[in-house]
Amino acid sequence: MALDVEATLLAGEWIRHAPHSSSLLGRAAEPTDGRWQHGTVVRGLYLADRAATATAEWYRFLAERGLPPARAIPHDHHIWRIALELADLSSRERLAAVGLPLPRPWRRTWSAFQDVGDALCRAGWFGLRAPSAARPGAQIVCVFDHGTWPPAGCEPVRTVEIAEVPPPPTGMTT
């Protein structure tokens, strides 16, 4: 699958929701699937542009599994600093250029997104920037693991403990 995408240089701090007291570099023992990649093709690190976006993604994750938020407290936000050139799929137009709609928060919609992400990985991209499915107007990044972890230009910097159930962010969709 050949994809016509533009690059974007992204620099700054991005946030990952993570289990409490987990390692900043921690990952599942077995590679897992995400919206933008199949675990059997490449591991992905998903980061959110703001704490509210990470919280919305956390609520989406819990809703998919039928878990009440109080059962997932405490949890952590891992702050990562990135400076990477990524595939830019950050708008409706950029998604449409690769045959995708805006993402919706249901796993059943992942297949086409995974195909695009896998193709970008195979083409050598470090990852991608895209709209959040859980919080319209917000952004996420998926960083691909090409064998050196973490990749140059991507480093964990600190953990913020979330000790109480946060209020659902404005505009959140689950």
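Only one of D33, D49 is of a type outside the set (V, I, T), more than 15 Å from T174 (Cβ to Cβ), at pLDDT below 95 and under 14 Å from the mean Cα position of the chain (by Cα). Can you tell me which?
Just one listed residue meets the conditions, D33.
Please name all residue pairs, on different chains or six or more residues apart, with Cβ atoms under 9 Å, provided the first residue is in the stretch 131-150 and is over 22 Å from R107 (Cα atoms) and the second residue is small (G, A, S).
Qualifying pairs under 9 Å: H146/G124.
Can you name every residue in the stretch 1-22 that is part of a strand (DSSP E or B) and hydrophobic (A, V, I, L, M, F, W, C)?
A7, L9, L10, A11, W14, I15, A18
So which residues in the stretch 113-135 are surrounded by fewer than 14 Cβ atoms within 10 Å (Cβ to Cβ) and either aromatic (F, W, Y) or part of a loop (DSSP other than H, G, I, E, B) (or both), if there are any at all?
Of everything in the stretch 113-135, those that are surrounded by fewer than 14 Cβ atoms within 10 Å (Cβ to Cβ) and either aromatic (F, W, Y) or part of a loop (DSSP other than H, G, I, E, B) (or both) turn out to be A123, G124.
Could you please find all residues in the stretch 96-112 being of a type in the set (V, I, T) and either modelled with pLDDT under 95 or not in a loop (DSSP other than H, G, I, E, B) (or both)?
T109
Examine the stretch 67-84 for a residue that is without any contact (Cβ under 8 Å) to a residue 60 or more places away in the chain and in a helix (DSSP H, G or I), and state whether such a residue exists.
Checked the stretch 67-84: at least one residue is without any contact (Cβ under 8 Å) to a residue 60 or more places away in the chain and in a helix (DSSP H, G or I).
Only one of (1) in contact with a Lys or Arg (Cβ under 7 Å, 6 or more places away or on another chain); (2) surrounded by 20 or more Cβ atoms within 10 Å (Cβ to Cβ) is not met by W110, so which one is it?
(2)
Here is a yes/no grid of residues against (1) modelled with pLDDT of 95 or more; (2) touching a Cys at 6+ places or on another chain (Cβ under 8 Å); (3) surrounded by 18 or more Cβ atoms within 10 Å (Cβ to Cβ); (4) not polar (S, T, N, Q):
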{"site": "T53", "(1), (2), (3), (4)": "yes, no, yes, no"}
{"site": "Y59", "(1), (2), (3), (4)": "no, no, yes, yes"}
{"site": "R65", "(1), (2), (3), (4)": "no, no, no, yes"}
{"site": "I79", "(1), (2), (3), (4)": "yes, no, yes, yes"}
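The values are calculated or read from the model by the stated rules, or taken from the named source; none is laboratory data. Remember, predicted model here, so these are calculated numbers, not experimental data. Every residue, glycine among them, receives a Cβ derived from its backbone with ideal geometry; neighbour counts consider all protein chains shown.
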